[in-house]
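The structure under discussion appears below in the form of structure tokens.
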Amino acid sequence: MARGDVVLGANQYGKAECRLVRITRDTDRHEIEDLNVTSQLRGDFTACHTEGDNSRVVATDTQKNTVYSLAREHGVHSPEQFLLTLGRHFVAEYPWIDGGRWEAESFGWDRIPVGGTPHDHAFVRTGQETRTTLVQVDGEDVHVLAGFKDCVVLKSTGSEFHGFPRDRWTTLAETDDRILATSMTVWWRYTEEAVAAGLDFATAYDEVKALLLETFASVHSLALQQTIFAAGKAVLEAHPEIGEVKLSCPNKHHFLVDLAPFGQDNPGEVFLAADRPYGLIQATVQREGVPVVEEAWATLPGFC
Ligand SMILES: O=c1[nH]c(=O)c2[nH]c(=O)[nH]c2[nH]1
């Protein structure tokens, strides 16, 4: 190969957004699991890219079928467990496949209460957040990230913002009482040891989400940066099975409306909820002296 030749770099391929609903109906009380699964394989696919030789190309259609077939055979249990099942399957089944990337969104459903009793087989979508999961297999390495997005939270007081530099471009007033609102996107990484030991992903998810929300509620905030660091720190302190946490939080600004032109005061009661532009506050919270496992995060766009 001569310097300057054009060659294939990193590549992966698969079926994106396989919508999977699995009903478990062993009893009259059904269970529902609702996922949006993306499967992508990695390996040496040079011949396909350069020659159109498909002899090693497990079709994206086959990958899609495998999602549904393994859901039937093994169940979902948790998105993390299901994606691990998929990853292990593809690597074991096809010798030339070294690994891949399996991602899922999971949508929650609650039972519809009928006369105060949760119904056995009628559900209403929960509106709070979308659970997210990313599993990557690279040879012997298995990385599991979990998280959620679109979790909108608001505090109507207990938030201040002041002490920032003032120069000729600064118009923002200092405040010791403002609305703090954001839509939390959070990812955390389970350590390889915890994954190998068969961690209970469902319980861990519930506990981490509760802790993040509790911290948002209870920290008296001097900046959204301070709040998100405190939230990530609380998670790492309570969960040794988690290596690091990444948070991305838009500052959903609420501007106090000037009602003076209408002869009215406005003691922090009427706000304009702006949707853009918004401050975008992001942080990685990690353990001192423990490097972030960069390979686990490499394919998540937009995170620092
Ligand atoms: O919590 C905040 N952090 C900032 O960095 C910032 N910048 C800004 O204009 N408002 C806020 N609020």
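The values are calculated or read from the model by the stated rules, or taken from the named source; none is laboratory data. No experiment lies behind these values; they were computed from the predicted model shown. For neighbour counting, all protein chains shown are included, and Cβ atoms are generated from backbone atoms with ideal geometry for every residue, glycine included.
List of remarks:
- Residues in the stretch 81-127 that are more than 21 Å from Arg22 (Cα to Cα) and within 23 Å of the chain's Cα centre (by Cα): 3 in all.
- In this structure, Gln128 does satisfy being within 30 Å of Thr38 (Cβ to Cβ), more than 14 Å from the ligand (Cβ to nearest atom) and at pLDDT below 95.
- Residue that is farthest from the ligand (Cβ to nearest atom), among those in the stretch 272-292 that are in contact with a helix residue (DSSP H, G or I) (Cβ under 9 Å, 6 or more places away or on another chain) and either closer than 16 Å to Gly232 by Cβ or outside the structural domain of Gln226 (by TED's automatic domain parsing) (or both): Arg287
- Candidates Gln226, Gln264, filtered to the one that is without any contact (Cβ under 8 Å) to a residue 12 or more places away in the chain, under 30 Å from Ala204 (Cα atoms) and of a type outside the set (A, V, I, L, M): Gln226
- In the set Asp5, Asp61, Asp44, only one residue is out of contact with any Ser or Thr (no Cβ under 8 Å at 6 or more places or on another chain), over 24 Å from Arg125 (Cα atoms) and not assigned by TED's automatic domain parsing to the domain that holds Pro118; that residue is Asp5.
- Test: Val186 is at pLDDT 95 or above and not in a helix (DSSP H, G or I): yes
- Which listed residue, of Glu80, Glu73, is in a helix (DSSP H, G or I) and crowded, with 21+ Cβ neighbours inside 10 Å: Glu80
- For the residues Ala10, Ala71, the requirement of being out of contact with any helix residue (DSSP H, G or I) (no Cβ under 6 Å at 6 or more places or on another chain), free of Cβ contacts under 8 Å to residues at least 40 places away in the same chain and hydrophobic (A, V, I, L, M, F, W, C) singles out Ala10.
- Subset of the stretch 293-304 that is without any contact (Cβ under 8 Å) to a residue 60 or more places away in the chain and away from the ligand (no atom under 16 Å from the Cβ) - its residue that is surrounded by the fewest Cβ atoms within 10 Å (Cβ to Cβ): Pro301
- Residue identified as assigned to a helix (DSSP H, G or I), at pLDDT 95 or above and within 16 Å of the ligand (Cβ to nearest atom) among Ala204, Ala231, Ala210, Ala194: Ala231
- For the stretch 153-163, the count of residues that are more than 16 Å from the ligand (Cβ to nearest atom) and closer than 30 Å to Ala16 by Cβ is zero.
- Here Arg178 does not fit the description of being among the charged types (D, E, K, R), buried (at least 18 other Cβ atoms within 10 Å of the Cβ) and under 24 Å from Gly99 (Cα atoms).
- The listed residues are Arg178, Arg276, Arg189, and the only one of them that is under 22 Å from Ser156 (Cβ atoms), touching a residue at least 24 places away in the same chain (Cβ under 8 Å) and of a type outside the set (A, V, I, L, M, F, W, C) turns out to be Arg178.
- Qualifying residue in the stretch 48-65 (condition: on the phi > 0 side of the Ramachandran plot and out of contact with any Cys (no Cβ under 7 Å at 6 or more places or on another chain)): yes
- Any chance Glu241 is acidic (Asp, Glu) and either within 13 Å of the ligand (Cβ to nearest atom) or under 28 Å from Glu140 (Cβ atoms) (or both): yes
- Residue match in the stretch 252-271 (condition: under 30 Å from Glu192 (Cα atoms) and either within 22 Å of the chain's Cα centre (by Cα) or not assigned by TED's automatic domain parsing to the domain that holds Ser156 (or both)): no
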